[in-house]
Amino acid sequence: MERQWWHNKVAYQIYPKSFYDSNGDGIGDIPGIIQKLDYLQYLGADILWISPVYQSPLADQGYDISDYYQIDPRFGTMEDMDRLIAEAKKRRMYILMDLVINHCSDEHEWFQKAMADPEGEYGNFFYLADQKDGRPCNWRSYFGGSVWEPLPGTDKQYLHMFHKKQPDLNWENPKLRQAVYENINWWLKKGVAGFRLDAIINIKKALPMVDYPADRPDGMVNPGVMLAHAEGIGDFLKEMRDETFKKYQAFTVGEVFNDKPGELEAFIGEDGYFSSMFDFNETIIGGSPNGWYDSRPVTAEDYKAGCFGAQEKIGKLGFYSNIIENHDEPRGVSHYLPEGQVCDTSKKMLAGLYFMLRGLPFIYQGQEIGMENVEFQSIDQVDDISSLEEYQVALDAGRSPEEALQAVKRYSRDNARTPMQWNDNLYAGFTTGTPWLRENPNYRTINVEAQIEQEDSVLQFYRSLIALRKDPEYEDSLIYGACIPYLREQKNLMAYLRKGEKQTLLVMGNFQKELQKVKLPGAYDLVLLNNMDELTEMDEEICLKGWQYLILKMKTE
Ligand code: TEU
Ligand code: CA
């Protein structure tokens, strides 16, 4: 596998609206990110994915773009953006923009022109159909309701896979594709290192659009079913890569939920469409087609099977991007650790387990201090459109308001969107004004300032993980070595070898509160990392305490 500049880096996702507010309007902004670059450097992050800051009505928090060439004034100015790119460069950091090109905002000029003249050039930038023919198909949008919506002031309707303020762009139209590529190249010329590709698998629709068997009483079907029938996305992705990313050696990471068997190599193998894509194999565990209210908690065995399944699938063919959370998911520690067991030690174990898998680790803001889900007291405290929809879905399915709120608490995207907890001042030090979304009350104990001081904090553990992964000494195993499950059948033990050409490391976590004995595959030289003070050994066996995590460097002959 050819080595790439980004293989040994660590990536960090910033959700600007909630990261740091520099001017007291309650909304995080680009100058706020610049002020925190030194912190991110202290942590050890190299690649920064910035969730959307383009001009947007913020119906879906910036994932609805009304001008791809402008920064939304709430986030700052284009000068701020240029300064961010320059300041990142000074620190040898790389900026990734969020590329949202499956859809735009209904307030984008293209859509406005399509409304004014559906038969004109811009009508063909979208998927339009005559209203009189009824709904062209029974697909349900990801955020609820039909994907079809009347095109205001006309006798047409338009397609939206997400919110109705996010009309889908018609990728079948070469003019639209060229307009998108032009924008990508414009940003690359500016000096961004690459992109995270939002909802990218949705750009190819199964045509002609037809009904599929309904999966809920509403008579509609999850759009994922349609995606399984869509053929030929590779033509679009290849063209995009050749017209844009390739010319700049850009780093790209795809948000791909629905890849088909056998597609991985074309996507992220040598000369793939993208550099990497997220491993969502664990993310989707426990989900139900009926909605959040019907989902089940993830067990240690589920989690292990998810990670190892993905590792087996990819082998050495490419690099997945590994996560435990992002801005669309609950906090990883609240999601993957059993209720009542979320503590510093278990947080560190989970961190260490995903971080050392083969691939590129991404950290989502606040994850590095162990931020947790929010105890929402009522649905009024929730802002996110998808959470409000899921609340309704639960009620429609006959759940009580309490049960519906429980489901939202467990899965709401707002769990990850509360303000970053910088210190124990008012509003967690995020803003001097009133934060757009209420902070998590636990900021008094969980915050950056306290954890910088505290030697054995979650933050310091992340710094150790990062330093170890970046140590050239261990590149052979931790970056390029194989990932081989160890004692896979042993319940609530997640262990794997990172086997390089010269060295082998053993990574293991005791995914339970009870202690557990682990037989070693051989002798070891060194303990590279331990999330506890002690280490109990017997011959060829280690006794792990509850939630203990270790990395051992094995002896080589
Ligand atoms: O997410 C795409 C996606 O698949 C999500 O709809 C996910 O299933 C959902 O958030 C779970 O609640 C991307 C962005 O990451 C997300 O924030 C946007 O809302 C969405 O695209 C539309 O742009
Ligand atoms: Ca602000």
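The values are calculated or read from the model by the stated rules, or taken from the named source; none is laboratory data. From a predicted model like this one, the values you see are computed outputs, not experimental measurements. Cβ: placed from backbone, ideal geometry, glycine included. Neighbour counts: every protein chain shown. Just so you know, the surface numbers come from the protein's heavy atoms only, side chains and all, with ligands and any DNA or RNA stripped out. Shrake-Rupley method; radii C 1.70, N 1.55, O 1.52, S 1.80 Å.
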Looking only at segment 366-380, decide whether some residue is crowded, with 23+ Cβ neighbours inside 10 Å and among the small types (Gly, Ala, Ser). yes
Is it the case that segment 37-54 has a residue that's closer than 20 Å to Pro435 by Cα and either more than 19 Å from the chain's Cα centre (by Cα) or away from ligand 1 (no atom under 16 Å from the Cβ) (or both)? no
Mind checking which pairs have a first residue in segment 479-502 that is modelled with pLDDT of 95 or more and of a type in the set (Gly, Ala, Ser) and a second that is open to solvent by 40 Å² or more (accessible area, probe 1.4 Å) and part of a loop (DSSP other than H, G, I, E, B), Cβ under 9 Å, 6 or more apart or different chains? Gly481/Glu501; Ala482/Lys316; Ala495/Leu487; Ala495/Arg488
Of the residues Thr504, Thr536, Thr445, which single one is farther than 30 Å from Leu317 by Cα, β-branched (Val, Ile, Thr) and in contact with a Lys or Arg (Cβ under 8 Å, 6 or more places away or on another chain)? Thr536
Restrict the check to segment 6-19 and report whether at least one residue is hydroxyl-bearing (Ser, Thr, Tyr), in contact with a strand residue (DSSP E or B) (Cβ under 6 Å, 6 or more places away or on another chain) and either within 16 Å of ligand 2 (Cβ to nearest atom) or more than 29 Å from Glu182 (Cα to Cα) (or both). no
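Every residue, every condition in (1) within 16 Å of ligand 2 (Cβ to nearest atom); (2) open to solvent by 40 Å² or more (accessible area, probe 1.4 Å); (3) acidic (Asp, Glu), yes or no:
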{"residue": "Ser51", "(1), (2), (3)": "yes, no, no"}
{"residue": "Gly62", "(1), (2), (3)": "yes, no, no"}
{"residue": "Glu79", "(1), (2), (3)": "yes, yes, yes"}
{"residue": "Ile85", "(1), (2), (3)": "no, no, no"}
{"residue": "Leu99", "(1), (2), (3)": "no, no, no"}
{"residue": "Phe125", "(1), (2), (3)": "no, no, no"}
{"residue": "Ala129", "(1), (2), (3)": "no, no, no"}
{"residue": "Gly134", "(1), (2), (3)": "no, no, no"}
{"residue": "Gly145", "(1), (2), (3)": "no, no, no"}
Can you find, within segment 198-215, the residue that is most open to solvent (accessible area, probe 1.4 Å) among those that are within 16 Å of ligand 1 (Cβ to nearest atom) and in contact with a helix residue (DSSP H, G or I) (Cβ under 9 Å, 6 or more places away or on another chain)? Asp215
Just checking, which of Arg399, Arg358 is more than 16 Å from ligand 1 (Cβ to nearest atom), open to solvent by 20 Å² or more (accessible area, probe 1.4 Å) and basic (Lys, Arg)? Arg399
When Phe75 is run through (1) within 16 Å of ligand 2 (Cβ to nearest atom); (2) part of a helix (DSSP H, G or I), the failure sits at (2)
Gly286 is checked against (1) closer than 24 Å to Val458 by Cα; (2) surrounded by fewer than 22 Cβ atoms within 10 Å (Cβ to Cβ) and fails just one. What number does that condition carry? (1)
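Condition check ((1) in contact with a Lys or Arg (Cβ under 6 Å, 6 or more places away or on another chain); (2) in a helix (DSSP H, G or I)) across all residues:
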residue: Glu339; (1), (2): no, no
residue: Leu353; (1), (2): no, yes
residue: Asn373; (1), (2): yes, no
residue: Phe376; (1), (2): yes, no
residue: Glu389; (1), (2): no, yes
residue: Ala394; (1), (2): no, yes
residue: Arg399; (1), (2): no, no
Residue list for segment 167-179, restricted to those being assigned to a helix (DSSP H, G or I) and either open to solvent by 10 Å² or more (accessible area, probe 1.4 Å) or in contact with a Cys (Cβ under 8 Å, 6 or more places away or on another chain) (or both): Pro174, Lys175, Arg177, Gln178, Ala179
Inside segment 147-166, can you point out the residues that are more than 12 Å from ligand 1 (Cβ to nearest atom), open to solvent by less than 10 Å² (accessible area, probe 1.4 Å) and assigned to a loop (DSSP other than H, G, I, E, B)? Val147, Leu151
Selection within segment 180-208 - of a type in the set (Val, Ile, Thr) and outside any helix (DSSP H, G or I): Val192
Taking segment 414-437, which residues are within 17 Å of Pro16 (Cα to Cα), part of a loop (DSSP other than H, G, I, E, B) and without any contact (Cβ under 8 Å) to a residue 60 or more places away in the chain? Gln421
Given the criterion within 13 Å of ligand 2 (Cβ to nearest atom), small (Gly, Ala, Ser) and out of contact with any Gly (no Cβ under 7 Å at 6 or more places or on another chain), identify the matching residue among Gly26, Gly32. Gly32
Determine the pairs where a residue that is more than 16 Å from ligand 2 (Cβ to nearest atom), located within segment 192-203, has a partner that is small (Gly, Ala, Ser) and open to solvent by 10 Å² or more (accessible area, probe 1.4 Å) with Cβ atoms under 6 Å apart, the partner being 6 or more residues away or on another chain. Gly194/Ala250
Scan Asp106, Asp98, Asp21 and give me the residue that is in contact with an Asp or Glu (Cβ under 9 Å, 6 or more places away or on another chain), closer than 20 Å to Leu188 by Cα, of a type in the set (D, E, K, R) and not in a helix (DSSP H, G or I). Asp98
Residue that is most open to solvent (accessible area, probe 1.4 Å) [pool: residues in segment 12-27 that are touching a Lys or Arg at 6+ places or on another chain (Cβ under 9 Å) and within 16 Å of ligand 1 (Cβ to nearest atom)]: Lys17
Note: among Ser386, Ser334, Ser321, Ser346, just one is of a type in the set (Ser, Thr, Tyr), under 30 Å from Arg3 (Cβ atoms), away from ligand 2 (no atom under 16 Å from the Cβ) and in contact (Cβ under 8 Å) with a residue 60 or more places away in the chain, namely Ser321
Complete set of residues in segment 308-355 that are within 16 Å of ligand 1 (Cβ to nearest atom), closer than 23 Å to Leu552 by Cβ and surrounded by fewer than 22 Cβ atoms within 10 Å (Cβ to Cβ): none
